[in-house]
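For reference, the structure is listed below as structure tokens.
The values are calculated or read from the model by the stated rules, or taken from the named source; none is laboratory data. This one's a predicted model, so the numbers in the text were calculated from it and none came from an experiment. Cβ placement follows ideal geometry from the backbone for every residue including glycine, while neighbour counts extend to all protein chains displayed.
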Amino acid sequence: MTRPYPTDLDLTELIGPVQPPGVAELRAVTVTTPGGSISVDGTSGALGNETDTKLLLGLRDWADVILVGARTVIAENYHASATPIAIITRSLSLDPEHQVMAGAPLLLAPAEALDDPRLAGRREALVAAGARIVATGEGTPAEILGALHAEGLVRVTCEGGPGIYAMMFGADLVDVWHLTVAPVANAPVDKQLFHVRPDGDGFHRRMNLDYHAATKDSTLFLRYRRSVEP
């Protein structure tokens with residue numbers, strides 16, 4: 001017998017308990033198939049449903065800033081948002097005419113990108129387009145998050161992509177993980193949820209299940225919190 005799951009879920013329950021304003025918290029929001037694929041035809045839009053979209057937008061409303069990688073901004077065709085967007089980039093290769101520039105995003109770049117004379121033209125064009133470049137030292141996950149905190153942006157919703165998720169989980173910086181699982185079996189896997197750079201370290205991060213629910217179309221919504229080791 002099939003359980004009569006609801007067509008939608010309450011946003012407050014999906015987001016769950018939050019820290020008081022001013023208290024730092026990093027949340028990762030992801031959608032994937034059971035096999036770990038995060039995209040169909042190159043984007044994640046086909047995997048989620050209306051409830052998943054509501055969760056994504058609800059977390060943006062909760063957050064001080066949206067943290068996302070430059071490749072995801074391009075692949076998912078990001079627009080400017082009422083919530084500030086902080087884009088992680090090592091090469092400053094984002095097109096100054098990209099529509100995300102209308103929201104005056106922060107570009108989080110390592111010192112080497114800020115000091116490289118060969119990138120001077122890119123830096124000038126991006127600043128002229130409205131972006132603000134913020135230095136992140138060597139570009140480690142902790143330095144990236146620290147740069148946001150120094151800007152007063154402490155409630156962070158991380159929207160990927162795979163390399164950014166791997167960085168943040170690998171450094172144990174994710175406090176809450178919102179994982180939407182689409183009822184889709186697909187192969188081959190175009191993009192996996194986590195991607196570790198060739199020079200990066202793997203990780204094994206255990207999380208505690210905090211919430212689970214499903215909608216009528218069999219999409220599963222999970223919320224995990226960082227496991228505190230005794």
Selection status of residue 221, of a type in the set (Phe, Trp, Tyr) and at pLDDT below 95: no
Selected residue (only one of 166, 187 is modelled with pLDDT of 90 or more and either at positive phi or of a type in the set (A, V, I, L, M, F, W, C) (or both)): 166
Please indicate, with yes or no, whether at least one residue in the stretch 205-214 is modelled with pLDDT under 95 and touching a helix residue (DSSP H, G or I) at 6+ places or on another chain (Cβ under 8 Å). yes
If residue 119 passes every condition in (1) surrounded by fewer than 20 Cβ atoms within 10 Å (Cβ to Cβ); (2) within 24 Å of residue 154 (Cα to Cα); (3) in contact with a Ser or Thr (Cβ under 8 Å, 6 or more places away or on another chain) but one, which one does it miss? (2)
Can you go through 174, 154, 181 and tell me which one is modelled with pLDDT of 95 or more and in contact with a Cys (Cβ under 8 Å, 6 or more places away or on another chain)? 174
If we keep just the residues of the stretch 174-200 that are of a type in the set (Val, Ile, Thr) and closer than 17 Å to residue 158 by Cβ, which is surrounded by the fewest Cβ atoms within 10 Å (Cβ to Cβ)? 196
For residue 159, which of the numbered conditions (1) out of contact with any strand residue (DSSP E or B) (no Cβ under 6 Å at 6 or more places or on another chain); (2) crowded, with 19+ Cβ neighbours inside 10 Å; (3) not β-branched (Val, Ile, Thr) fails to hold? (1)
Under 6 Å between Cβ atoms, at least 6 apart or on separate chains: pull out the pairs that start in the stretch 120-135 with a residue that is in the same structural domain as residue 107 (by the TED database) and end on any residue that is surrounded by 17 or more Cβ atoms within 10 Å (Cβ to Cβ) and not in a helix (DSSP H, G or I). 122/92; 131/105; 131/107; 132/106; 133/107; 133/109; 134/106; 134/108
Just one of 166, 86 is in the same structural domain as residue 49 (by the TED database), within 16 Å of residue 29 (Cα to Cα) and crowded, with 21+ Cβ neighbours inside 10 Å; which is it? 166
For a quick check of your reading of the model, give me the residue pairs whose first member lies in the stretch 189-200 and is within 7 Å of residue 162 (Cβ to Cβ), whose second is β-branched (Val, Ile, Thr) and modelled with pLDDT of 85 or more, with beta-carbon atoms closer than 8 Å and at least 6 apart or on different chains. 191/38; 192/38; 193/30; 193/32; 193/38
Report whether or not residue 111 is surrounded by fewer than 16 Cβ atoms within 10 Å (Cβ to Cβ), among the hydrophobic types (A, V, I, L, M, F, W, C) and within 26 Å of residue 137 (Cβ to Cβ). yes
Lone unmet requirement of (1) assigned by the TED database to the domain that holds residue 164; (2) outside any loop (DSSP other than H, G, I, E, B) for residue 100: (1)
